[in-house]
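Colleague: Below you will find the structure I want to go over with you.
The values are calculated or read from the model by the stated rules, or taken from the named source; none is laboratory data. Note that the structure is a prediction, hence the values are computed from the model and not measured. In this analysis, Cβ positions are derived from the backbone assuming ideal geometry, glycine residues included, and neighbour counts consider all displayed protein chains. Surface accessibility is based on the protein's heavy atoms, side chains included, excluding ligands, DNA and RNA. Shrake-Rupley method; radii C 1.70, N 1.55, O 1.52, S 1.80 Å.
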Amino acid sequence: SNFYDFSDDVREIAYEKSDSAIITVSFDNMYQNCNPLALKMFPGLKKLSYNEELKGDEFKDIRDILENKIKEYYSNGRVYEVEIKEINKGGRVVGKVIWLQDATSHVEMVKFMKDYQSELSTLVNQKTAHIIEIQNKVLLSMSDIIEGRDGSTGGHVKRTSYVVSLLAEEMAKTDMLPEHQLVFKHIPTTAPLHDLGKLMVDDALL
């Protein structure tokens, strides 16, 4: 037959060329094997023999990974998601595979989205504050026009605004205003407009 099973070759290529670091250990965490990327991340593995114990400071990170103490591993400016896969045969664990998958692009995208959202939120807040500032200046200008039209009315406008502010503060301490207190913020600001109609009243009537 001309049929050839390439599965082992494919697995070997995937193992050697993978952008994930792969380390295999026995059921009792004795070193078995690793791929080139894992050797680059953990150079000390080159000195280990098959079925040798992962002891010493240089293998502390690997031991912590096996104990599920590390979920993300940082190496050479890259971020790797940590996963441990168990190898089961005959209903029992015979080995484990430490899988460090490169997640740098994903992490960078998440960070970019968070930064963008924060920047957008800041921009919206700045624009909103600017609009409110313009609105307040318009209201103050109208108040000045009223005061210029009738001195007594102008004093009345200021006194009314002050009284309304005191009233709103007291109401805010009760359930008489909505919890978001939007009304509390705007009542004192718009109070000066309550006599705006007098601008169109004839001087003789005033």
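Colleague: Whether any residue in the stretch 105-122 is closer than 17 Å to Cys34 by Cα and at pLDDT 90 or above is what I want to check.
Modeller: Within the stretch 105-122, none of the residues are closer than 17 Å to Cys34 by Cα and at pLDDT 90 or above.
Colleague: Look through the stretch 69-112, keep the residues that are closer than 19 Å to Asp28 by Cβ and touching a Leu at 6+ places or on another chain (Cβ under 9 Å), and return whichever of them is most open to solvent (accessible area, probe 1.4 Å).
Modeller: The residue in question is Ile84.
Colleague: Could you figure out which of (1) in contact (Cβ under 8 Å) with a residue 24 or more places away in the chain; (2) in a helix (DSSP H, G or I) isn't true of Gly44?
Modeller: (1)
Colleague: Considering only residues that are within 11 Å of Ile98 (Cα to Cα) and among the basic types (Lys, Arg), which ones fall in the stretch 23-78?
Modeller: The answer is Arg63, and nothing else.
Colleague: Given the condition without any contact (Cβ under 8 Å) to a residue 24 or more places away in the chain, out of contact with any Pro (no Cβ under 7 Å at 6 or more places or on another chain) and farther than 30 Å from Met200 by Cβ, answer yes or no: does some residue in the stretch 146-159 qualify?
Modeller: Checked the stretch 146-159: no residue is without any contact (Cβ under 8 Å) to a residue 24 or more places away in the chain, out of contact with any Pro (no Cβ under 7 Å at 6 or more places or on another chain) and farther than 30 Å from Met200 by Cβ.
Colleague: Just to be sure, is Glu81 assigned to a strand (DSSP E or B) and not hydrophobic (A, V, I, L, M, F, W, C)?
Modeller: Yes; evaluated as a whole, the condition is true for this residue.
Colleague: Moving on to the next point. State the number of residues belonging to the stretch 50-76 that are without any contact (Cβ under 8 Å) to a residue 12 or more places away in the chain and more than 29 Å from Ser105 (Cα to Cα).
Modeller: 2
Colleague: Is there any pair linking a residue in the stretch 77-97 that is without any contact (Cβ under 8 Å) to a residue 12 or more places away in the chain to one that is basic (Lys, Arg) and in a strand (DSSP E or B), with Cβ under 6 Å and at least six apart or on different chains, and which?
Modeller: Glu86/Lys96
Colleague: Would a scan of the stretch 153-172 turn up a residue that is under 29 Å from His194 (Cα atoms), of a type in the set (Asp, Glu) and open to solvent by 100 Å² or more (accessible area, probe 1.4 Å)?
Modeller: yes
Colleague: Residues in the stretch 48-61: is at least one out of contact with any His (no Cβ under 6 Å at 6 or more places or on another chain), basic (Lys, Arg) and open to solvent by less than 40 Å² (accessible area, probe 1.4 Å)?
Modeller: No; the residues of the stretch 48-61 include none that is out of contact with any His (no Cβ under 6 Å at 6 or more places or on another chain), basic (Lys, Arg) and open to solvent by less than 40 Å² (accessible area, probe 1.4 Å).
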